[in-house]
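Enquirer: Input: one structure, supplied below.
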Amino acid sequence: MRKSTLFLTVAFASAASLSVAQDAIDMDGLPAVFPERPYSPYADRAFPEDVFFGDTHVHTGLSGDAGGGGTTLLPRDAYRFARGEQITSNTGQPVKLRTPFDFFMITDHSDGMGAITDMIAGTPNVMADPDGKMFHEAFKAGGQDAQTAAQELVRQFSQGELSEALNYQPGNPAYKRVWDDIMQAAEEFNDPGRFTTFIAYEWTSLVRGNNLHRNVIFRDGPERAGQIVPYTTTPPIGSPDPKDLWKWLEAYEANTGGDVTAIPHNGNLSNGMMFALQDDFADGEAFDAQYVEQRNTWERLYEATQIKGDGEAHPLLSPDDEFADFETWDWGNLDISEAKTPEMLPGEYVRSGLQRGLQLETDLGTNPFKFGLVGAGDAHTGLSTPDNDNFFGKFTAYEPNEHRANHLSKRNEELGVEYSSWSYITSGLTAVWATQNSRGAIFDAMERREVYATTGTRIRLRFFGGWEFDAADANRRDLALVGYTKGVPMGADLHPGKGAPSFLVFALRDPQGANLDRVQIVKGWLDADGTPREKVYDVAWSDERLPGADGTLPAVGNTVDLSLPAWTNTIGASELGTVWQDPDFDPALKAFYYARVIEIPTPRWTAYDAVKFNLDLPNDVPMIVQERAYSSPIWYAPDM
C-alpha cells in the first residue's frame, strides 16, 4: 500500500553509467575519456539537498469557527498572502510576510463545509432553523455578538448538539460546491518550483471536547482527490473514531490509485487521548495488531507545535529538562469541561508519545507512534504568520489591536481554569528536505519523515545517525554527502552496528533571525524492565561556555531590549554542528533520538504589542522567547 518512496535510496552512479564507449569522440576529434564519476560532484545525486518551509494547517473563512468569527479571507486570499503578496487582513490592516512560504496547505473543516457562508448569507434553509436564524442575526451584527455566536457554534458541534440543518454533510449541494472550489483554488495557485499547494482538509474529531483532530493531505490533484468528498466526523456518513478515518484513507488509495496521509495535532488538548495506551473508542480495550499497523501506516507525522501551544515536552514529565516548559498550554480540552490531571500528560506530548510507541511495539510488534515532527499554524484568519513581529493571531478578534494581549479568552469557574489570548503563540513551520519544490517530492519526503518542526524560525537543520561518523565529519563542506553515505537521515531506522551509534548534527540560523544558543540531542528508551527513560544531551553550543560540575551548561545570556523591542546577535553562534556518540548506549534496548536546536532569547509577540500599543501588561505575560527546531527522530532497535 505504501509507495516505495517511503524509503530513500542514496544512489551514486555506477562506473558503467558514467563511462562512455571507447570510440566516443569529443569536439576536437580526440577519444573522450571520462572518470568513473563525473567531474561535477553534484551530478547524478539522488538525495535531497534543499529544504523547503511551509504550513500544513491553515483555515480560511470557509471554516465555521473562522467565518463565524469574522474571517472574510478565502483560499485564494490565503494563497496570495502565503506566496508573498501584500493583502488586506480581515480587520482592514495591510499585511505581508517577511519571507514567502515554499509550500502551503489550506485545511478547512470537513464537517459543515459550506454551512458558514449560508449562515452569513441567511439562505432559506438556514433561516428556517431556529438556531440558524439566531446565528445569522449574530453574525450580521458583528462585534461581540458574532464572537459569542462563533464560540457557541463550536460548542454545539463539539458536544454533538449542532442541528442537522446546519451541519452540512456530503450530499448537500453547498458542500460539494465549496469542496470543488477549494480544490480548484489549490490548482490555480500550484506553481511547482516556486510555490506548491496541496489539496487538504481537517477532520475535526472532538470527543467530549477532547481534541483528536487530523489534517488530511493529498499528494494528488483534483483528478483523483475530486473523485471523493472529505470524510467527516458526523455519523452516519462520518465518524469521530480515527480507525474509521484510516479505513477511508485506505479506500481512497485503493479506489483512486492516489496517495494520502493524516497528521494529528494538539494532543495537549486531548486530555490524554492522543497517545493513549488503550482504545478509548472501544471501551478502553487494549490495542490490537490491526490498530497499531493502521496508525503506523496512515499517521507518519505529528504536528509538534502550533498556535495553541507547543507539544514537544512537559515539565512534569521531563523535570530534568530546563527547556521543557516552552509555551505550555496546561489546561483541559478546548471546552475546558474537564480538569487536567497528571495522569493525562503522557498521552499528550511528543516525547512521552514516542516512548509509549516503543512500549506498544514491544507488546504488539509495530510502533503506532512512530512519527516525524512538523510545525504549523492553525490560524483561522487565512493568515499564517510565523514571525513574532508580524503576528496576526489565531482568530480575527486577535489580529493586532491594543486589547488582544490582555483579552480573557476562556474561564471555567467550577474548575478554576482560564486562559488569556496572550497564551497563543506564533505559527510553527514545517521544514522538508526534498529533491524539488513540488507536490510529489514534498509529500514523499513527508512520508519518509525527512522533515522537522520549528516554532516559526527558519533554522536549517540536518540530523543523521550511523556507526562510522567521526569528529572530522562535522567540518566537512559537503555534509549531506557524508551523512547519506555513512548513515541514515532524520525519520529513518538505524539498524544495529558495532559499538555505539554516532550522530551528525548541524544547524544554521535563520538568515534574518537570531543566533543559536545550543544544539541538543534528546534520547528516549525503554530500560531492561520496560520502563520509559529519557535524557537530554547538550552536544554543541556557542560562546565557549563550559558545563558546570553537575554537567549543566550556563545560560547563553540575553540581549533583548524590551523598550524597542529588539535583540542583538552579539551572543550565540550563526552555526553549530558536531558528531556526538551516545555514551550510555545499550545495544539490547530500543531507543529513539532527535535533535533540538535552541535560539538565543528574542522578543515575543507580546513585547512588540506592548511597544506598538503602549501597553502595561501584567507580570505573568511572557515577553521573551527562545525559538527552536525539532528534528524528526531516528529509531534504533536491536532486532531491526
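Just so you know, all these numbers are worked out from the coordinates, no wet-lab data involved. Just so it is clear, the model here is predicted, and its values are computed rather than measured. As a convention, Cβ positions derive from the backbone with ideal geometry for all residues, glycine included, and neighbour counts pool all protein chains shown.
Enquirer: Tell me the volume per residue, in Å³, of the convex hull enclosing the alpha carbons of the range 249-307.
Expert: Expressed per residue, the convex hull around the Cα atoms of the range 249-307 is 102 Å³.
Enquirer: For the chain, which span is the longest to avoid every loop-located (per DSSP) member of GluC sites (Glu not before Pro) having at most 16 other Cβ atoms inside 10 Å?
Expert: The segment 165-321 is the longest one with no such site.
Enquirer: What nm value, rounded to one decimal, do you get for the distance between Leu553 and Lys247 when each label is placed 7 Å out toward the C-beta?
Expert: It is 4.9 nm.
Enquirer: Applying the Karplus parametrisation 6.51 cos²θ - 1.76 cosθ + 1.60 with θ = phi - 60° to the phi angles of the range 465-477, what ³J(HN,Hα) value in whole Hz is obtained for each residue in order, glycine and proline being reported as x?
Expert: In residue order, the calculated couplings are x, x, 10, 10, 5, 10, 4, 5, 5, 5, 9, 5, 5 Hz.
Enquirer: Once amide H atoms are built 1.01 Å from N in the peptide plane, which residues 5 or more positions from Asp111, or in another chain, come under 5 Å H to H?
Expert: Thr204, Thr233
Enquirer: Do you know the relative contact order of the range 142-227, to the nearest whole percent, from alpha carbon pairs under 8 angstrom that are 6+ apart?
Expert: 22 percent
Enquirer: Normalised by the empirical 2.2 N^0.38 Å for globular proteins, what value does the Cα Rg of the chain take?
Expert: Relative to the rule-of-thumb radius for its length, the chain sits at 0.97.
Enquirer: For a quick check: with amide H placed at 1.01 Å from N, whose amide H comes under 5 Å from Arg300's, ignoring anything fewer than 5 positions away on the same chain?
Expert: Here Ala262 satisfy the definition.
Enquirer: To continue, here is another question. If r is the Cβ-Cβ distance from Ser574 to Lys535 and R0 is 30 Å, what FRET efficiency results, to the nearest 0.05?
Expert: After rounding to 0.05, the efficiency reads 0.60.
Enquirer: Using the Cβ atoms and a cut-off under 10 Å, what net charge is assigned to the surroundings of Leu301, where Lys and Arg are +1 and Asp and Glu are -1?
Expert: -1
Enquirer: Apply the Karplus parameterisation 6.51 cos²θ - 1.76 cosθ + 1.60, with θ equal to phi minus 60°, to every residue of the range 501-511 and state each ³J(HN,Hα) to the nearest whole Hz, in sequence, with x for glycine and proline.
Expert: Per-residue couplings from phi come out as x, 10, 10, 9, 10, 8, 10, 10, 5, 4, x Hz.
Enquirer: Scan the chain and hand back the longest stretch that contains none of the chymotrypsin sites (Phe, Trp or Tyr not before Pro) lying in DSSP loops with at most 10 other Cβ atoms within 10 Å.
Expert: 43-640
Enquirer: Using 0.36 nm times the number of residues separating Met127 and Asp363, minus their current alpha carbon distance, what extension gain do you get?
Expert: Going from the current span to full extension adds 79.5 nm.
Enquirer: If you don't mind, another one. Apply the Karplus parameterisation 6.51 cos²θ - 1.76 cosθ + 1.60, with θ equal to phi minus 60°, to every residue of the range 388-394 and state each ³J(HN,Hα) to the nearest whole Hz, in sequence, with x for glycine and proline.
Expert: Per-residue couplings from phi come out as 5, 8, 8, 8, 10, x, 7 Hz.
Enquirer: Suppose a student asked you for the relative contact order of the chain, using Cα pairs under 8 Å spaced at least 6 residues apart; what percent would you report?
Expert: Relative contact order here is 13 percent.
Enquirer: Could I ask something else about it? Given a cut-off of 19 Å, what percent of all Cα-Cα pairs of the range 513-640 lie beyond it?
Expert: 60 percent
Enquirer: How much length is gained on full extension from Ala165 to Trp467, taking 0.36 nm per residue of separation minus their Cα-Cα distance?
Expert: 102.7 nm
Enquirer: What is the extension gain from Asp620 to Asp325, computed as 0.36 nm multiplied by their sequence separation minus the C-alpha to C-alpha distance, in nm to one decimal?
Expert: That pair, Asp620 and Asp325, stretches by 104.7 nm at full extension.
Enquirer: What is the set of long-range amide H partners of Val625 at a cut-off below 5 Å, with H atoms built 1.01 Å from backbone N?
Expert: Thr602, Arg604
Enquirer: Follow-up question, since we're still on this one. Taking the DSSP beta bridges in the chain as the whole, what percent of them are antiparallel, to the nearest 5?
Expert: Counting only bridges with both partners in the chain, antiparallel ones make up about 85 percent.
Enquirer: Could you compute the FRET efficiency for Glu223 and Glu49, with r as their C-beta to C-beta distance and R0 at 35 Å, rounded to 0.05?
Expert: Approximately 0.70, to the nearest 0.05.
Enquirer: Could I ask something else about it? Within 10 Å of each candidate Cβ there may be at most 10 other Cβ atoms; applying that plus a DSSP loop requirement, which trypsin sites (Lys or Arg not before Pro) in the range 415-486 survive?
Expert: When the trypsin sites (Lys or Arg not before Pro) of the range 415-486 are filtered for loop state and at most 10 Cβ neighbours within 10 Å, Arg477 remain.
Enquirer: Less than 17 Å apart at the alpha-carbon level, and either on another chain or at least 8 residues along: which lysines does that give for Lys308?
Expert: Hits, sequence-local ones excluded: Lys340, Lys394, Lys410.
Enquirer: Round to a whole angstrom and tell me the spacing of the C-alpha centers of the range 206-227 and the range 552-587.
Expert: With the range 206-227 and the range 552-587 each reduced to a Cα centre, they are spaced 38 Å.
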